[in-house]
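Visitor: Before we start, here is the structure in question, set down as structure tokens.
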Amino acid sequence: FRTHTHTTILILFFSLSRLFDSYKAEMKRKCWSRVKCASLWEVAMMMMMIYGTASAATNRPTLSITVRDGHFDNENYLNYFCPTLSSTYTKTLHKPLSADLQYGFLLAPSSTKPSCSIWCKATKQIHKWKMTTGAALASIPPQKEHGVFSNVKADVDLRVEHDQRDVSARLFASDLSISRLECTKGFDLQNTNRFIVNPRYNPQTHHADVIFGYVTPQTTVKVRASAQCQEVSIAQQINARNVLIPTIASNGDVTLRWERQLIPQRPVFGGGQGEENASYIATTLKPSDSIHVQWKDGPWNAIVNIPIDGTDVHSGSNVSIRREVTF
């Protein structure tokens, strides 16, 4: 198993380095269409084959199957039957790096929008600061940007946290340019209550906003404010199984969300527990817009979206049912 692990890491980083070199060279020549997304598929398939032959592997790939309705121009079964294959692997690196490594892949074949991505995340503790660095490469349908077509997307996520001081900072970059900066500071109040401040800024669009949060054992109040719009959300834990979340925006939009927990004591806003084991029914009502219903029961996930106008139901409802299978 150790030999398979080391082989996978070497193949992954060798392929990533080659792909990054090609990606940077093509960006300099402003000719992204020549970047080959097949390399991503090759890396992901190599990772899957290597770990598929390792009998001691603890993390098996997960197959998610989504069945959805609708009308499609080309009668291809992949449009109705949408399989997704993904897996996550972990590795502890010892000196001199001394870091926790996570990496994985996602394959989503489709006749219209096939996608593939590989990602890697490293976490290291420096004194009392926790530093996390993540990178992902994804092949996407060709999109026209700056006059040329690109079918490879690169994302970077850098995060620094200090648990004792309850402060963190985060940087997001996409295609070698910073897309978002944010920091979060928490303040402990009496009776386990907390106050949270989270300013955010997007250098590309020059959009800035700030999120204020006040958390109590039964109620969570969240205020998001920017120069264009202000929004208030209140999540009230009615009992062990029911959460009611109304949202009001300054532009007149109103949203009402009701969560019915199939397993009691799921935290407000869905944080803190493994989402893969969560079981709940969530209904979101947007007046004169849509009704969105999600039924999550372990590996099963059903989603229904119904467009409405007042009390009238419009055509174009979407229904999808997904089942995750681990092998």
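The values are calculated or read from the model by the stated rules, or taken from the named source; none is laboratory data. Here the structure is a predicted model, which is why all the values come from computation and not from measurement. Cβ coordinates were reconstructed from backbone atoms using ideal geometry, including for glycine residues, and neighbour counts include every protein chain displayed. For accessibility, only protein heavy atoms count, side chains too; no ligands or nucleic acids. Shrake-Rupley method; radii C 1.70, N 1.55, O 1.52, S 1.80 Å.
Visitor: Take the residues of the stretch 274-315 that are open to solvent by 60 Å² or more (accessible area, probe 1.4 Å) and β-branched (Val, Ile, Thr): which is modelled with the highest pLDDT?
Guide: Val313
Visitor: Please determine, by comparing only the residues of the stretch 63-99 that are more than 19 Å from Pro109 (Cα to Cα), among the hydrophobic types (A, V, I, L, M, F, W, C) and modelled with pLDDT of 80 or more, which one is surrounded by the most Cβ atoms within 10 Å (Cβ to Cβ).
Guide: Among them, the one singled out is Ala99.
Visitor: So which residues in the stretch 166-179 are under 18 Å from Phe212 (Cα atoms) and out of contact with any Cys (no Cβ under 8 Å at 6 or more places or on another chain)?
Guide: Asp166
Visitor: Among (1) touching a strand residue (DSSP E or B) at 6+ places or on another chain (Cβ under 7 Å); (2) over 30 Å from Ile281 (Cα atoms), which single condition is His206 missing?
Guide: Every condition holds for His206 apart from (1).
Visitor: Scan the stretch 163-191 and report the pairs whose first residue is closer than 18 Å to Leu137 by Cα and whose second residue is of a type outside the set (Gly, Ala, Ser) and not in a strand (DSSP E or B), with Cβ atoms within less than 6 Å and a gap of 6+ or a chain change.
Guide: Short answer, once both residue conditions are applied: Ile178/Pro203; Ser179/Gln204.
Visitor: Just to be sure before I move on: is Thr184 modelled with pLDDT of 95 or more, touching a helix residue (DSSP H, G or I) at 6+ places or on another chain (Cβ under 6 Å), surrounded by 13 or more Cβ atoms within 10 Å (Cβ to Cβ) and part of a strand (DSSP E or B) in the structure I sent?
Guide: no
Visitor: On the given criteria, is Thr247 without any contact (Cβ under 8 Å) to a residue 24 or more places away in the chain, polar (S, T, N, Q), surrounded by 13 or more Cβ atoms within 10 Å (Cβ to Cβ) and in a strand (DSSP E or B)?
Guide: yes
Visitor: List pairs: first in the stretch 304-323 and among the basic types (Lys, Arg), second open to solvent by 80 Å² or more (accessible area, probe 1.4 Å), Cβ under 7 Å, 6+ apart or cross-chain?
Guide: Note: pairs meeting the criteria are Arg323/Trp300.
Visitor: Tell me, please, whether a residue that is in a strand (DSSP E or B), more than 29 Å from Glu182 (Cβ to Cβ) and either out of contact with any helix residue (DSSP H, G or I) (no Cβ under 9 Å at 6 or more places or on another chain) or modelled with pLDDT under 95 (or both) can be found in the stretch 226-237.
Guide: no
Visitor: So, Val232, is that one of a type in the set (A, V, I, L, M) and open to solvent by 50 Å² or more (accessible area, probe 1.4 Å) or not?
Guide: The answer is yes for Val232.
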